[in-house]
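Below is one structure, written out as structure tokens; comments come after it.
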Amino acid sequence: MSERYKKLYNIPKNQFCTGSPIIICAGALLLDNYSRKLLVQLKFKNIDERIISSVKISVTALDSAGRELGQAVEYQYLDLHISRDEEFGQKTAFVLQFSNVRSYSVAVTEILFEDCSQWAWDGSPWCPLAPAVSLKEALEDEELASQYRIRYGLDCEYEPQEQQGLWFCTCGGINHTEEKSCHSCHRVYAALKDVNLSSLRCECEDRLKVEGEQQQEEVESTKQKRKNRRSLCLALVPLLIILGFVIAFVPGEVKKARAYQRADQLLSVGEYDAAAIAFEALGNYRDSADQKEKNIPYEIALDIMDYAEKGSPKGLALIDVNPSSLKKDDNLSLILYQAAAERFASLGGYRDSVQNQQLCLDAINNIHNADLQEEYDKAAALLAERKFLEARDAFKALGSFSDSQEMAKEAIYRKALSLYNFMEENDIRSVYASISTDTQSPSCFSLSRDAALDRDEGFISLLKEACGQDKSDIALDDEVPEGFVPFQEALIGLFESLGDYKDSSAYIPKITDLCDYTKGFYTLVNGGDVKGAYDWLIAYEDEFENRDRWLELLELYMPFCDSWSFATGDTSLIPAAAGKSQPCKALTSSVVVGLDTVTLRIHITGDEEYDYQFTAEAGNTTFNNSDSQPYTYLAAISVLNRLAFMKYDSGAMISSSDYSRAG
């Protein structure tokens, strides 16, 4: 059965507004799969000494494009009793009435406390706090972080930091800047900020040196003792055989004591089966039973661990494994460490079995990590060779090791980026694609033979190169194959599959903009270059919406674009309309053409330079400006092919001027 709720959106974590008594820890937008209603669920944390009794919030619903949907929704959390550091709200959800909500923003607007005081939002932005930085990350050294804990306390986990009127203690406590010591662990912030890293490093180096010397001494001492013990006992083996005959004739306790000694010596030289039989024969004498049940298995486990460390096949005899049964890829040390760990675990804490078990497990983990690192390096090499999909699969197979899952996304990101770079440098009109993310299936591209002839010779080879060493297939086909979409749509889909990885979403509008091949036309039109826009559209061979209408309008308004010099009339007409004083004897004109409205822009030159403009409905050649009430100003091409300007008052012309083409 499918889950009841589906998560559609998460707000940025740990949002804070300077001066706020609470932090918005998290928030989600949920779809109820039963009722199809949309729910908002939020979690808050009190960072104030006062106990919170109620909280009012404001939620602004947004659609998939980030546009606001209606008025902000208010919601209240009532009958609370929330002390400092307590979290609340995570078990409460409320319904949004809009069905097309896909994200939202939230602000806490009012908080009431049990002491009857209150806090009101001043409209400052709610922004995410910077994430906590661990001591290991901050100091870039695990041992240095350990030394920090030795000096300041074992609960130290984070780098102390300050932001937005708060300071964050090394213990994780959140405090206000006016608090001199942490409310949780009582450490003084000034002391935490003033850490002498040089002295801390010296302390760390001294400690590591002492620990290393001690560890080496212990290892050497243990090895020497065992070596001496075994050498001595091997020399005594012949005597032990003789003593065996003697003991047979020695009565009572002396006989048992000598039998115990013989069993112990057998154990010392690694004759474990014989030692076990000897101790068993002694029954309850001294610790014979414990020797058989605990100490012999312990010694065997120690030997197995030693052989594991050396990678010696001699250890296989102790775990009843025939060397010939091992496969070529089997790791001998791994097998022995696993066997030793199991034996130490079965001893139930006998002597230092727990510590030795952990040493074995650490060694096993190191072996696994070394193997995983080797596979990780192979995956990285595949990515460097631009085998994007093989690299993605190799990283995914590594599970949670290191940043493998992020690198799996990185492989697809680099493939998408490579194709985008190709798109930036090449005209991909009439190119259709089916971009594959399956290692076994090629990415396929199709373009017509005519489109191929229009491209440079290297177009197809560059497209193959953009796919890296992934399988790719490029066909010349006058019919678009089934399942293919325009290249840009296929690439947008590839970036969308990456979600919020890096800046993937930012490439979607870039691709749309890059593939808008009509931008040049609209740049010319909006700049008033009517002739340039007309020539551009005449040369443009692809489909263009309203092509005939545009050509008609551009041709109509081309005569209005020129340089002009005064011919007859009132030279003060235009300056007066623009609020200027100097006579206008020369000007240039351009027209910004639209399908609905057309604007005539004139630029006056001479002693005073300024702009003035008239408007008209598209298709009308008489331009109007009625901003200077009560007068109306008109502009048109006269029968003498001059640019004429007229001033009207209540429908009657009271002044005019004509300008002839300067050329």
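Worth a mention:
- Filter result (open to solvent by 50 Å² or more (accessible area, probe 1.4 Å), over 20 Å from Leu166 (Cβ atoms) and either touching a strand residue (DSSP E or B) at 6+ places or on another chain (Cβ under 8 Å) or among the polar types (S, T, N, Q) (or both)) within region 1-32: Ser2, Arg4, Tyr5, Lys6, Lys7, Leu8, Tyr9, Asn10
- Cβ-Cβ under 7 Å pairs, at least 6 apart or on other chains, region 124-144 side of a type in the set (Val, Ile, Thr), far side open to solvent by 50 Å² or more (accessible area, probe 1.4 Å): Val133/Tyr158; Val133/Glu159
- The residues of region 49-62 that are closer than 25 Å to Glu179 by Cα and crowded, with 18+ Cβ neighbours inside 10 Å, listed by number, are Arg50, Ile52, Ser53, Val55.
- Selection of first residues in region 346-368 that are touching a residue at least 24 places away in the same chain (Cβ under 8 Å) and of second residues that are in a loop (DSSP other than H, G, I, E, B), restricted to Cβ pairs under 7 Å at least 6 apart or on distinct chains, gives the following pairs, ordered by first then second residue: Ser353/Leu347; Ile367/Asn331.
- Residues that are touching a Gly at 6+ places or on another chain (Cβ under 9 Å) and closer than 23 Å to Glu293 by Cα, drawn from region 322-351: Leu336, Ala339, Ala340
- Considering residues of region 369-389 that are in contact with a Lys or Arg (Cβ under 9 Å, 6 or more places away or on another chain) and in contact (Cβ under 8 Å) with a residue 40 or more places away in the chain only, the residue surrounded by the most Cβ atoms within 10 Å (Cβ to Cβ): Phe388
- Members of region 430-456 found to be in a strand (DSSP E or B) and touching a Leu at 6+ places or on another chain (Cβ under 8 Å), listed by number: Val431, Tyr432, Ala433, Phe445, Ser446, Leu447
- Odd one out for Ser353, checked against (1) open to solvent by 80 Å² or more (accessible area, probe 1.4 Å); (2) modelled with pLDDT of 90 or more: (1)
- Subset of region 120-147 (residues that are charged (D, E, K, R) and either under 23 Å from the mean Cα position of the chain (by Cα) or closer than 30 Å to Asp206 by Cβ (or both)): Lys136, Glu137, Glu140, Asp141, Glu142, Glu143
- Taking region 421-451 as the range and being open to solvent by less than 20 Å² (accessible area, probe 1.4 Å) and over 23 Å from Glu479 (Cα atoms) as the test, only Phe422 passes.
- Pair list, Cβ under 7 Å, 6 or more apart: region 291-313 residue at positive phi, other residue open to solvent by less than 50 Å² (accessible area, probe 1.4 Å) and at pLDDT below 95: Gly311/Leu332; Gly311/Ser333
- Filter result for Gln163 (under 28 Å from Asp32 (Cα atoms) and surrounded by fewer than 14 Cβ atoms within 10 Å (Cβ to Cβ)): no
- Residue match in region 95-106 (condition: more than 29 Å from Ser198 (Cα to Cα), open to solvent by 50 Å² or more (accessible area, probe 1.4 Å) and over 31 Å from the mean Cα position of the chain (by Cα)): yes
- The set of residues in region 237-275 that are among the hydrophobic types (A, V, I, L, M, F, W, C), open to solvent by less than 50 Å² (accessible area, probe 1.4 Å), within 30 Å of Tyr307 (Cβ to Cβ) and at pLDDT below 60 contains only Leu240.
- Total residues in region 185-211 satisfying the condition of being hydroxyl-bearing (Ser, Thr, Tyr) and either touching a Pro at 6+ places or on another chain (Cβ under 8 Å) or open to solvent by less than 70 Å² (accessible area, probe 1.4 Å) (or both): the figure is 2.
- Considering residues of region 73-93 that are open to solvent by 40 Å² or more (accessible area, probe 1.4 Å), of a type outside the set (S, T, N, Q) and assigned to a loop (DSSP other than H, G, I, E, B) only, the residue nearest to Ser105 (Cα to Cα): Lys91
- Flag for Ser404 being under 28 Å from Ser441 (Cβ atoms), without any contact (Cβ under 8 Å) to a residue 40 or more places away in the chain and loosely packed, with under 15 Cβ neighbours inside 10 Å: no
- Filtered residues of region 173-230 (kept if hydrophobic (A, V, I, L, M, F, W, C), under 30 Å from Asp85 (Cα atoms), without any contact (Cβ under 8 Å) to a residue 40 or more places away in the chain and assigned to a helix (DSSP H, G or I)): Ala190, Ala191
- Region 475-532 - residue that is of a type in the set (Asp, Glu) and assigned to a helix (DSSP H, G or I) and, of those, least open to solvent (accessible area, probe 1.4 Å): Asp513
- Scan of region 110-160 for residues that are closer than 30 Å to Glu211 by Cβ, open to solvent by less than 60 Å² (accessible area, probe 1.4 Å) and either hydrophobic (A, V, I, L, M, F, W, C) or in a loop (DSSP other than H, G, I, E, B) (or both), ordered by number: Val133, Leu135, Ala138, Leu139, Leu144, Ala145, Gly153, Cys156, Pro160
- Extreme residue, modelled with the highest pLDDT, among residues of region 474-490 that are aliphatic (A, V, I, L, M) and either under 20 Å from the mean Cα position of the chain (by Cα) or over 13 Å from Tyr420 (Cα atoms) (or both): Val485
The values are calculated or read from the model by the stated rules, or taken from the named source; none is laboratory data. This structure is a prediction, so every number in the text was calculated from the model and none was measured. Methodologically, a virtual Cβ is constructed for each residue, glycine included, from the backbone with ideal geometry; neighbour enumeration extends over all protein chains shown. SASA here: full protein model, heavy atoms, side chains in, ligands and nucleic acids out. Shrake-Rupley method; radii C 1.70, N 1.55, O 1.52, S 1.80 Å.
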